[in-house]
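Novice: Please see the structure below; I have some questions.
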Amino acid sequence: MTEPRPSPPAWAESVVALLAPARGRDAIAGDLREEYSDLAVTRGAPAADRWYARQALGFVRQAALLPGLALGFSLGGRMLLDVMSPRDDLAARAAMTTYLAILIFTLAGFRTTYRTHRTASAALVAVVATALATVVQFATAFLATFAAGSLPADSVTARALQEGFDVPVIPMVVIGVLAASLGGWSARMFVTRAPWSRWSTRT
Amino acid sequence: MADVLGVFEQAVLVAVMRLRGDGYGRTIHKEVIARLDRDVTASAVYATLDRLEDKGLVASRPGEATPQRGGRAKRHFTVTAAGVRALNATRAATHNIWRGLAFPLKVKP
């Protein structure tokens, strides 16, 4: 009786299927599977699994790093602005940050779907970008708190720094997925159908 | 004037050239890792190949499928005439930058 052939982690294969460029997606999946099979024989299945997961995360990084950092720096920048130039009414700044985040998510969704032809990839990028932005925001808030030293707890600056740790992750994920999906849908509707597009589906 | 390529683009294009038209994603990936002497994710290589193809510096054609690949076809890459010109232009630019200096550079004490 022959042993069943080892296969890559299902989640990693799904990520590759979702984020690999539409042009040559099958060839990419085949290349990775071929290398995985060889590694499973020469170094064992766990090492091959780790290798495949690293490749899948490479696709995630490529799609989500830029929007994640843009989002993180916009949130961090907003917090630093609140710390350095405090105001009683922050509604205008909050609205600006929200619109900027929506723009970043929408562009990220457009860019990702333009490459992959899959709207679901835009949603995945939105979730990962939010996670990255949260890390950047926490790091910024932590560094700013460290740099500010000891402050009276009721000071405006201390309150602004405190709010820096209060990242609205759930609303960001919801808004992000919606905006990125809208961007992805736009990419599918307009760009993939335009005759001048390299992804054109028109014949 | 031909494109002047970045280091990673050069590594990918040289890898495609060295594989003489038989290169496909996996072999190009391995060749790039060997050339750069560092770990590189496959996604970076594929993104660069995609960009080089958009610029017309490489061309691709479908290859054979094998059971080991899950029945998926390979995609073979070749360097186009424009790709060769871009490599020559890049090599010439690098040579010009270094003209008059002996390699390796010496650090003054």
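The values are calculated or read from the model by the stated rules, or taken from the named source; none is laboratory data. Since we're looking at a predicted model, the values are computed, not measured. Note that we place each Cβ from the backbone using ideal geometry, even for glycine, and neighbour counts take in every protein chain shown.
Novice: May I ask you to list the residues in the range A:13-24 that are buried (at least 21 other Cβ atoms within 10 Å of the Cβ) and either out of contact with any strand residue (DSSP E or B) (no Cβ under 8 Å at 6 or more places or on another chain) or part of a helix (DSSP H, G or I) (or both)? If you could, list the steps in order and put the result at the bottom.
Specialist: Step one: list which residues in the range A:13-24 are buried (at least 21 other Cβ atoms within 10 Å of the Cβ), which gives A:15-16, A:18-20, A:24.
Those that are buried (at least 21 other Cβ atoms within 10 Å of the Cβ) and either out of contact with any strand residue (DSSP E or B) (no Cβ under 8 Å at 6 or more places or on another chain) or part of a helix (DSSP H, G or I) (or both): A:Val15, A:Val16, A:Leu18, A:Leu19, A:Ala20.
Novice: What residue, among those in the range B:73-86 that are of a type outside the set (Val, Ile, Thr) and crowded, with 20+ Cβ neighbours inside 10 Å, is farthest from A:Ala20 (Cα to Cα)? Show your work before the answer.
Specialist: So in the range B:73-86, the residues of a type outside the set (Val, Ile, Thr) come out as B:73-77, B:81-83, B:85-86.
Remaining after also requiring crowded, with 20+ Cβ neighbours inside 10 Å: B:74-77, B:83, B:86.
Values: B:Lys74: 15, B:Arg75: 14, B:His76: 17, B:Phe77: 18, B:Gly83: 24, B:Ala86: 27 Å.
It comes out as B:Ala86.
Novice: If I ask for residues that are in contact (Cβ under 8 Å) with a residue 24 or more places away in the chain and either closer than 23 Å to A:Arg118 by Cβ or not in a helix (DSSP H, G or I) (or both), which ones from the range A:41-53 would you list? Reasoning before the result, please.
Specialist: Taking the range A:41-53 and keeping what is in contact (Cβ under 8 Å) with a residue 24 or more places away in the chain, we get A:45, A:48-49, A:52-53.
Those that are in contact (Cβ under 8 Å) with a residue 24 or more places away in the chain and either closer than 23 Å to A:Arg118 by Cβ or not in a helix (DSSP H, G or I) (or both): A:Tyr52, A:Ala53.
Novice: Shifting gears a bit: Has the range B:88-101 got any residue that is assigned to a helix (DSSP H, G or I), free of Cβ contacts under 8 Å to residues at least 60 places away in the same chain, within 14 Å of chain A (Cβ to nearest Cβ) and of a type in the set (Ser, Thr, Tyr)? Give the steps one after another, and end with the answer.
Specialist: Taking the range B:88-101 first, the residues assigned to a helix (DSSP H, G or I) are B:88-98.
If we keep only those that are free of Cβ contacts under 8 Å to residues at least 60 places away in the same chain too, we end up with B:91-92, B:94-98.
Restricting the remaining residues to those that are within 14 Å of chain A (Cβ to nearest Cβ) gives none.
There is no residue in the range B:88-101 that is assigned to a helix (DSSP H, G or I), free of Cβ contacts under 8 Å to residues at least 60 places away in the same chain, within 14 Å of chain A (Cβ to nearest Cβ) and of a type in the set (Ser, Thr, Tyr).
Novice: Next up: Among the candidates A:Phe73, A:Phe59, which residue alone is surrounded by fewer than 19 Cβ atoms within 10 Å (Cβ to Cβ), within 30 Å of A:Asp166 (Cα to Cα) and in contact (Cβ under 8 Å) with a residue 24 or more places away in the chain? Spell out how you get there, then give the answer.
Specialist: Details: A:Phe59 fails: surrounded by fewer than 19 Cβ atoms within 10 Å (Cβ to Cβ).
Answer to the selection: A:Phe73.
Novice: Please work out if A:Ala147 is at pLDDT below 95 and surrounded by fewer than 16 Cβ atoms within 10 Å (Cβ to Cβ). Can you show your working first?
Specialist: Working: at pLDDT below 95: yes; surrounded by fewer than 16 Cβ atoms within 10 Å (Cβ to Cβ): yes.
Yes: the conditions hold for A:Ala147.
Novice: For residues that are of a type in the set (Val, Ile, Thr) and touching a strand residue (DSSP E or B) at 6+ places or on another chain (Cβ under 9 Å), scanning just the range B:49-87, find the one that is nearest to the other protein chains (Cβ to nearest Cβ).
Specialist: Once the filter is applied, the top-ranked residue is B:Thr66.
Novice: Considering only residues of the range A:30-40 that are without any contact (Cβ under 8 Å) to a residue 24 or more places away in the chain, facing chain B (nearest Cβ under 10 Å) and not small (Gly, Ala, Ser), which is surrounded by the most Cβ atoms within 10 Å (Cβ to Cβ)?
Specialist: Taking the range A:30-40 and keeping what is without any contact (Cβ under 8 Å) to a residue 24 or more places away in the chain, we get A:30-31, A:34-35, A:38-39.
Among the residues that remain, those that are also facing chain B (nearest Cβ under 10 Å) are: A:30-31, A:34-35, A:38.
From the residues that got through so far, the ones that are not small (Gly, Ala, Ser) too are A:31, A:34-35, A:38.
Numbers: A:Asp31: 25, A:Glu34: 20, A:Glu35: 23, A:Asp38: 13.
Across the range A:30-40, the extreme among qualifying residues is A:Asp31.
Novice: OK, next. If the Cβ limit is 6 Å and pairs must be 6+ apart or interchain, which residue in the range B:22-51 that is in a loop (DSSP other than H, G, I, E, B) pairs with which residue that is of a type outside the set (Val, Ile, Thr) and buried (at least 20 other Cβ atoms within 10 Å of the Cβ)?
Specialist: Listed by first residue and then by second, the contacts come to B:Gly23/B:Phe77; B:Thr41/A:Gln55; B:Thr41/A:Gly58.
Novice: Any chance the range B:64-82 includes a residue that's part of a loop (DSSP other than H, G, I, E, B) and at pLDDT 95 or above? I'd like the intermediate steps shown before the answer.
Specialist: Our first condition is that a residue be part of a loop (DSSP other than H, G, I, E, B); within the range B:64-82, this holds for B:66, B:70-72, B:80.
Add one more test, that the residue is at pLDDT 95 or above, and what stays is B:80.
Yes, some residue in the range B:64-82 is part of a loop (DSSP other than H, G, I, E, B) and at pLDDT 95 or above.
Novice: Pick from the range B:1-44 the residues that are hydroxyl-bearing (Ser, Thr, Tyr) and farther than 26 Å from A:Leu65 by Cβ: which of them is nearest to the other protein chains (Cβ to nearest Cβ)?
Specialist: Initial filter on the range B:1-44 (hydroxyl-bearing (Ser, Thr, Tyr)): B:24, B:27, B:41, B:43.
Those still in the list that are farther than 26 Å from A:Leu65 by Cβ too: B:24, B:27.
Working: B:Tyr24: 7, B:Thr27: 9 Å.
Of everything passing the filter in the range B:1-44, B:Tyr24 is nearest to the other protein chains (Cβ to nearest Cβ).
Novice: Select, from A:Ala92, A:Ala47, A:Ala53, the only residue that is hydrophobic (A, V, I, L, M, F, W, C) and within 13 Å of chain B (Cβ to nearest Cβ). If you could, list the steps in order and put the result at the bottom.
Specialist: Details: A:Ala92 fails: within 13 Å of chain B (Cβ to nearest Cβ); A:Ala47 fails: within 13 Å of chain B (Cβ to nearest Cβ).
After applying the criteria, what remains is A:Ala53.
Novice: Within the range A:94-193, considering only helices (runs of 4 or more DSSP H) that don't extend past its boundaries, which have at least 1 residues that are closer than 24 Å to B:Ala44 by Cα and hydroxyl-bearing (Ser, Thr, Tyr)? Steps first, please.
Specialist: Values: elements: A:119-148, A:156-164, A:169-186.
Result: A:119-148.
Novice: Right, another one. Does A:Ser37 count as within 24 Å of B:Ser60 (Cβ to Cβ) and small (Gly, Ala, Ser)? I'd like the intermediate steps shown before the answer.
Specialist: Numbers: within 24 Å of B:Ser60 (Cβ to Cβ): yes; small (Gly, Ala, Ser): yes.
When the stated conditions are applied, A:Ser37 passes them.
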